[in-house]
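Peer 1: Pasting a structure below so you can have a look.
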Amino acid sequence: MQKLTAVGPLIDLRSDTVTRPTPSMFDRMASAELGDDGRGDDPTVKELERVAAALLGKEAALFLPSGTMSNHVAILSHSFSRGEVIGEASSHIFRSEMGGLSLLAGLYPRPIPGRAGAMDLEELDAWLRPPGLTSHALGTAVVCMETTHSVGGAVLSLDHMRDVCTRSWQAGVPVHLDGARLFNAAIGLGVPASAIAAFADSATFCLSKGLSAPVGSVLAGSCSFIERARGFRKMLGGNLRQAGLLAACGLVALEESIERLADDHLNARRLADGLHRIDPHLVSPADVATNMVVVNVGRSAAGAEQWIRVLSDYGVLTTPASTDRLRLVVHRHVDVASIDRVLNVFAEIYLTRPATLFAV
Ligand SMILES: Cc1ncc(COP(=O)(O)O)c(C=O)c1O
């Protein structure tokens, strides 16, 4: 099919994990002071952990290779006995972490329904129990929240977080926050990251998503929690050696990339508004809270996978959010011109109505 919109360089909207290191990250790597982090003596890693703990308002922090390992280590470090892990059903720990909480920590998943990543509080009340085992029920080992939500970028309100953690703490259950995109949430709410992390005993964020570092995640919590987490990181094979090379990029990310995330939010809104103008059923702009846009293709004759194929023929890469929804993630390599090109692609698809997507 002859395309009206020129196919230019790829526009990769699959995730903000595709961001490449910035020039200042390469510079900082070259001059980073290094040690053996497995022995606790890499000064650059220590500095990153100190800065991250302060940003989150926690006593201590630990550098880890990935967000998934951070969540596994957090859950292992919180759970002293068998029990359930409660979280909203569509959260990353249940959907995308390969069952690690059961296979590694011996815990039972208790996914509960919710909306835009916020768990239903009545369901939480129904399932939350003090930790441990009684003659008739398995207690709750840990409650997990996720902000921003990895499916659509929604931000948990502080009221919701307060409600979840008050209930959990009253039951004596620790709370872990998967804040892979915590700084997007902070910008979305207009509060410091520490104001969000205050509603959890432990919180993790990723350096390797919108913040553009190549590798890494940080887990923060109390000194004793981080001491245990250090042991579990080693158990999982997550001890790195001259990790200061990576931590150097993490420090640059915290110094230079946080405020820039606001541009991604603006561009995501431009994308959502433009798509809404092409077809109001495609996007609900009011649902766009941070750097993700969920596109509903349910009114067409095709599912998400077919749309993904057609869009990739135009050089636009996306992922499914469900069988009839696409997830478009905006990041540092997606500027206003890229957004406008994506909008032109959708406009052309709507104009030409290819038979693979629209029944004739
Ligand atoms: C909410 C959330 N938690 C955890 C992760 C896992 O991070 P990683 O890919 O570094 O393991 C992701 C990854 O996209 C995520 O979106």
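Peer 1: Restricting the search to the range 195-225, which residues are closer than 16 Å to residue 52 by Cα, away from the ligand (no atom under 16 Å from the Cβ) and touching a Lys or Arg at 6+ places or on another chain (Cβ under 8 Å)?
Peer 2: Within the range 195-225, 221, 222 qualify.
Peer 1: Identify the single condition in (1) under 29 Å from residue 43 (Cβ atoms); (2) among the charged types (D, E, K, R); (3) more than 14 Å from the ligand (Cβ to nearest atom); (4) in contact with a strand residue (DSSP E or B) (Cβ under 9 Å, 6 or more places away or on another chain) that residue 269 does not satisfy, given that it satisfies every other one.
Peer 2: (1)
Peer 1: Select from the range 146-181 the residues that are free of Cβ contacts under 8 Å to residues at least 40 places away in the same chain and closer than 18 Å to residue 67 by Cα and write down the one among them that is nearest to the ligand (Cβ to nearest atom).
Peer 2: Out of the qualifying residues, it is 179.
Peer 1: Among what's in the range 73-95 and is farther than 11 Å from residue 178 by Cβ, within 12 Å of the ligand (Cβ to nearest atom) and of a type outside the set (Lys, Arg), pick the residue that is surrounded by the fewest Cβ atoms within 10 Å (Cβ to Cβ).
Peer 2: Start the filter on the range 73-95 by keeping residues that are farther than 11 Å from residue 178 by Cβ, which leaves 73, 76-86, 89-90, 95.
Now narrow it down to the ones that are within 12 Å of the ligand (Cβ to nearest atom): 73, 90, 95.
Checking the rest, the ones that are also of a type outside the set (Lys, Arg) come to 73, 90.
Working: 73: 30, 90: 21.
Taking the candidates together, the pick is 90.
Peer 1: Please go through the range 262-286 and pick out each residue that is open to solvent by 20 Å² or more (accessible area, probe 1.4 Å), hydrophobic (A, V, I, L, M, F, W, C) and in contact with a helix residue (DSSP H, G or I) (Cβ under 7 Å, 6 or more places away or on another chain).
Peer 2: Within the range 262-286, 262, 278 qualify.
Peer 1: Of 121, 64, which residue is buried (at least 20 other Cβ atoms within 10 Å of the Cβ) and out of contact with any His (no Cβ under 6 Å at 6 or more places or on another chain)? Outline the logic, then answer.
Peer 2: Working: 121 fails: buried (at least 20 other Cβ atoms within 10 Å of the Cβ).
After ruling out the rest, the residue left standing is 64.
Peer 1: Tell me whether the range 99-108 contains one or more residues that are without any contact (Cβ under 8 Å) to a residue 24 or more places away in the chain, within 16 Å of the ligand (Cβ to nearest atom) and within 21 Å of the chain's Cα centre (by Cα).
Peer 2: yes
Peer 1: Something else about it: What number of residues within the range 28-61 satisfy the criterion of being surrounded by fewer than 17 Cβ atoms within 10 Å (Cβ to Cβ) and among the hydroxyl-bearing types (Ser, Thr, Tyr)?
Peer 2: 1
Peer 1: What is the one condition in (1) in a helix (DSSP H, G or I); (2) surrounded by fewer than 22 Cβ atoms within 10 Å (Cβ to Cβ) that residue 259 does not satisfy?
Peer 2: All conditions are met except number (1).
The values are calculated or read from the model by the stated rules, or taken from the named source; none is laboratory data. Computed from a predicted structure; not experimentally measured. Every residue, glycine as well, gets a Cβ built from its backbone with ideal geometry; the counts of neighbours run over all protein chains shown. Ligands, DNA and RNA are excluded from the accessible area calculation, which covers all protein heavy atoms including side chains. Shrake-Rupley method; radii C 1.70, N 1.55, O 1.52, S 1.80 Å.
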